[in-house]
Amino acid sequence: MVTALITILVLLIAAAVALAGASIRVLREYERGVIFRLGRVIDKKGPGLILLTPAVDRMVRVSLRTVTLNVPPQDVITRDNVPVRVDAVVYFRVVDPDSAVVQVENFHKATSQIAQTTLRSVLGKADLDSLLTQREELNEELQKIIDDQTEPWGIKVTTVEIKDVGVPSAMQRAMARQAEAERERRAKIINAEGEFQAAARLAEAADVISQNPTTIQLRYLQTLSEIGINQNSTIVFPIDLVQPLLKAVGSAGEKAAPAELPKGNGAAGPLVDSKSREAVDER
């Protein structure tokens, strides 16, 4: 008799434990539970301790954390008929657990398929240059389109980013040649602008030098002194270029010197005779 009572008591305890295990759920802070009672949604609960009616209620866990979805590489033909291979990443999260469970069978798979389809559709309308240089605008357009399609499912798409654009090697070589030609064009324009500015400055300098011919000789001597800093340099000094300077110096000397020597020296006459002047002129 006692043995039978103990057996019944053990069975009752086991049944109670099994019943408690079937009716008690614990949800984390980022989880919500959608409760189905006899097949109908009655409420969403969580986080914390959740009590269910055994054999009547069923709970589906839904995570509210942001999900990172890698979109598989897609082969896209751009508007200018260039084949490219594009992959992207989509960030989304559940904002309505009831709709995410009831409105769609598997919201992860559905969101992935929508992202792939939208990626091919949107990028197929853009040309290659826009795809490479206007990613921000394309990302915003993709995010808006995908979010509009997943909103009835209780899914909020926060960000869509194009990760990589695979361009064929032949097109890469053509783009490299184009970039090189553009760089050469800009270099030629900059060089031409520099030549124009230098010519303008030289014209101004020529106007200043033309007012006094001796200035060009002084500038020539200054250039020679700059070259002569290096002792290994050999300078050919043409006397014809400095002859106007010597004439100017000789003329200034004639005006400053007296016409005759003092009588106390026992000689009289001009300071510089005609032969010496002719020798200076010849130099």
Looking only at segment 15-70, and only at residues there that are closer than 21 Å to H108 by Cα and among the small types (G, A, S), the one that is surrounded by the fewest Cβ atoms within 10 Å (Cβ to Cβ): S63
Filter result (small (G, A, S) and in a helix (DSSP H, G or I)) within segment 138-169: S169
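Residues checked against (1) aliphatic (A, V, I, L, M); (2) not in a strand (DSSP E or B):
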position: A4; (1), (2): yes, yes
position: L11; (1), (2): yes, yes
position: V26; (1), (2): yes, no
position: E29; (1), (2): no, yes
position: F36; (1), (2): no, no
position: A55; (1), (2): yes, yes
position: V62; (1), (2): yes, no
position: R65; (1), (2): no, yes
position: N70; (1), (2): no, no
Whichever residue in segment 146-164 is surrounded by 14 or more Cβ atoms within 10 Å (Cβ to Cβ) and within 26 Å of the chain's Cα centre (by Cα) and, among such residues, is farthest from V62 (Cα to Cα): I162
Members of segment 38-57 that are of a type in the set (A, V, I, L, M) and touching a Leu at 6+ places or on another chain (Cβ under 7 Å): I50, V56
Among (1) surrounded by fewer than 17 Cβ atoms within 10 Å (Cβ to Cβ); (2) modelled with pLDDT of 85 or more - the single one L12 does not satisfy: (2)
Verdict on D57 being modelled with pLDDT under 90 and under 30 Å from the mean Cα position of the chain (by Cα): no
Out of A100, A126, sole residue that is under 25 Å from the mean Cα position of the chain (by Cα), small (G, A, S) and surrounded by 16 or more Cβ atoms within 10 Å (Cβ to Cβ): A126
Single unsatisfied condition, K44 versus (1) without any contact (Cβ under 8 Å) to a residue 40 or more places away in the chain; (2) of a type in the set (D, E, K, R); (3) not assigned by TED's automatic domain parsing to the domain that holds L123: (1)
Some residue of segment 104-113 being surrounded by fewer than 17 Cβ atoms within 10 Å (Cβ to Cβ), part of a helix (DSSP H, G or I) and of a type in the set (D, E): no
Qualifying residue in segment 68-75 (condition: among the β-branched types (V, I, T), modelled with pLDDT of 85 or more, in contact with a Lys or Arg (Cβ under 8 Å, 6 or more places away or on another chain) and assigned by TED's automatic domain parsing to the domain that holds W153): no
Subset of segment 80-103 that is assigned to a loop (DSSP other than H, G, I, E, B) and at pLDDT 90 or above - its residue that is nearest to Q143 (Cα to Cα): V95
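The values are calculated or read from the model by the stated rules, or taken from the named source; none is laboratory data. Values in this document were obtained by computation on a predicted structure and should not be read as measured data. Every residue, glycine as well, gets a Cβ built from its backbone with ideal geometry; the counts of neighbours run over all protein chains shown.
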